[in-house]
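A.B. asks: Sharing a structure below in structure tokens format, with a few things to ask.
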């Protein structure tokens with residue numbers, strides 16, 4: 001109901017960016033049914049809901065760019081202790097391709113962004129929980145020797161939203177500083 005209310009208020013949009021995510025820490029043995037359900041509801045079903053709600057007006061307008069934030073973890077590489085997170089982000093990539101395939105002839109583009117480790121409040125919280133050297137531990141795992149920035153992800157999103165990327169759809173764009181190499 002909340003998504004439908006926002007859609008009524010916003011009207012037709014040209015760009016829909018889905019950027020929801022929760023990082024569950026653990027293996028299959030650490031993932032309860034409620035952890036699984038929460039992760040899939042937030043990381044995948046939220047995108048299903050927004051696309052289903054905003055897409056009809058985009059179709060009526062004959063244009064639109066949908067951008068879903070996925071992850072390098074789960075789409076391009078498995079990450080330790082990211083069992084359900086990886087599964088949800090792989091689902092986002094598949095959802096992206098399905099929307100792109102279904103609406104390619106109707107002016108709709110749908111792409112995913114697959115970031116690596118990006119310095120965000122959530123990531124810094126996980127680093128702090130790892131101890132005093134937590135941030136440095138995350139940085140040491142990065143081939144470029146640094147974390148990605150939100151601005152770098154935003155620049156890719158702006159490109160995918162723009163007419164400059166008009167020939168791009170159904171793609172999971174990796175932006176991970178070489179983590180998956």
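Laboratory data are not the source of any read-out in this text; all were calculated from the coordinates shown. Please read all numbers here as calculations on a predicted model, not as lab measurements. Counting neighbours? That spans all protein chains shown, and the Cβs are built from the backbone with ideal geometry, glycine included.
A.B. asks: Please give, to one decimal in nm, the separation of the simple spin-label points placed at residue 128 and residue 94, each 7 Å out from Cα toward the Cβ.
C.D. replies: 3.6 nm
A.B. asks: Give the shape of segment 34-178 as rounded, prolate or oblate, defined through the alpha-carbon gyration tensor: a ≥ b ≥ c are the square roots of its eigenvalues, a/c under 1.5 means rounded, and otherwise the shape is prolate if a/b is larger than b/c and oblate if not.
C.D. replies: Note, shape of segment 34-178 comes out prolate.
A.B. asks: Sticking with this structure for a sec: Rank these for me by crowding, 173, 25, going from fewest to most other beta carbons within 10 Å.
C.D. replies: So the ranking, lowest neighbour count to highest, is 25, 173.
A.B. asks: If I model a spin label as a point 7 Å beyond the Cα along the Cα-Cβ vector, how far apart are those points for residue 81 and residue 5 in nm?
C.D. replies: 3.8 nm
A.B. asks: Which shape class, rounded, prolate or oblate, goes with segment 91-134 when its Cα gyration tensor gives a ≥ b ≥ c as root eigenvalues, a/c under 1.5 marks rounded, and past that a/b bigger than b/c marks prolate?
C.D. replies: Prolate.
A.B. asks: Please give the helix 150-161 orientation as an angle from the longest Cα principal axis of the chain, in degrees from 0 to 90, rounded to the nearest 10.
C.D. replies: Taking the Cα atoms of the chain, the angle to 150-161 is about 20 degrees.
A.B. asks: So, one more: Mind pulling the angle between the C-alpha long axis of helix 83-103 and the longest principal axis of the chain? Nearest 10 degrees, somewhere in 0 to 90.
C.D. replies: Taking the Cα atoms of the chain, the angle to 83-103 is about 20 degrees.
A.B. asks: Something else now. Would you mind calculating the gained length between residue 119 and residue 34 on full extension (0.36 nm times residue separation, minus the Cα-Cα distance), in nm to one decimal?
C.D. replies: Value of the extension gain: 27.8 nm.
A.B. asks: Here's something else I'd like to know. Helix 46-61: angle to the longest alpha-carbon principal axis of the chain, degrees 0 to 90, nearest 10?
C.D. replies: For helix 46-61, the angle is close to 30 degrees.
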